[in-house]
Amino acid sequence: MTTKYDDEILELSTQWISMDEIVKDHNEDKQNIIQAVNRLENMGYLESRNIKNIILYKNQNKVQDHIQFSTMMETFLVNQKKEIEDIKIIPTIMLSDGSQFGFSKKGLELLEHVQEEIDRVHMIITRTDYQDKIRTLQHPIAQQRIKKLEKHINKIMNVMLDTYKDVRSNVIIQEYFQNHTDELKFRK
């Protein structure tokens with residue numbers, strides 16, 4: 001899963017656009033782009049419509065209704081459950097060789113996957129906060145959603161910190177996410 005195409009997809013979709021037009025310059029990453037479009041649609045950033053067996057997509061700036069938000073949260077929870085299962089089967093995220101310093105291959109893949117989820121959640125938090133400020137979303141609803149999203153992030157972070165308890169892993173995990181996330185808060 002990847003988020004590296006999200007901004008580009010959102011820029012391309014200011015007007016109705018087909019999937020073929022979105023992936024036109026990225027044939028080697030077609031599957032990743034299709035997944036990114038589906039995630040953006042699921043998160044409420046894109047809307048779609050069918051015209052003569054062609055699905056068109058457009059950037060959507062509307063507020064998510066309760067059902068859309070709940071559906072998106074269900075997707076986040078499914079991904080989180082997979083991450084927690086992966087954490088349970090990956091004994092360490094660090095290289096086992098004491099002469100080298102760094103992440104194991106599976107450890108790095110796990111961190112990257114968790115980071116992508118955090119980026120998506122952070123994108124929703126930012127959008128919800130903006131909608132709260134411009135008053136397109138009621139303040140209590142916006143705050144409730146933001147708290148739910150922050151709780152979601154904190155849960156996976158706490159599981160990671162509790163599982164990889166050695167000091168070196170804890171420090172590396174915190175540094176990794178602080179270097180990749182603007183406003184990530186760790187428990188004290």
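If you go through the range 13-29 and pick out every residue that is assigned to a helix (DSSP H, G or I), surrounded by fewer than 16 Cβ atoms within 10 Å (Cβ to Cβ) and at pLDDT 85 or above, you end up with 2. When 121, 159 are checked against the criterion of being under 16 Å from the mean Cα position of the chain (by Cα), closer than 30 Å to residue 68 by Cβ and modelled with pLDDT of 85 or more, a single residue qualifies: 121. Residue count for the range 49-81 under the criterion of being at pLDDT below 85 and over 22 Å from residue 134 (Cα atoms): the result is 0. Here residue 135 meets the list (1) farther than 30 Å from residue 170 by Cβ; (2) within 21 Å of the chain's Cα centre (by Cα); (3) open to solvent by 70 Å² or more (accessible area, probe 1.4 Å); (4) basic (Lys, Arg) almost entirely, failing just condition (2). Of all residues in the range 40-68, those that are under 26 Å from residue 141 (Cβ atoms) have Cβ atoms under 7 Å from Cβ atoms of residues that are of a type in the set (Lys, Arg) and in a helix (DSSP H, G or I), 6 or more apart or on another chain, in 43/120. Evaluated against (1) within 24 Å of residue 173 (Cβ to Cβ); (2) open to solvent by 20 Å² or more (accessible area, probe 1.4 Å); (3) in contact with a strand residue (DSSP E or B) (Cβ under 9 Å, 6 or more places away or on another chain); (4) without any contact (Cβ under 8 Å) to a residue 24 or more places away in the chain, residue 81 falls short on exactly one condition, (3).
The values are calculated or read from the model by the stated rules, or taken from the named source; none is laboratory data. Just so we're clear, the structure is a prediction, and the values are computed from it rather than from any experiment. All Cβ positions, even for glycine, are placed from backbone atoms using ideal geometry, and neighbour counts span all protein chains on display. The area values use the complete protein model at the heavy-atom level, side chains included, leaving out ligands, DNA and RNA. Shrake-Rupley method; radii C 1.70, N 1.55, O 1.52, S 1.80 Å.
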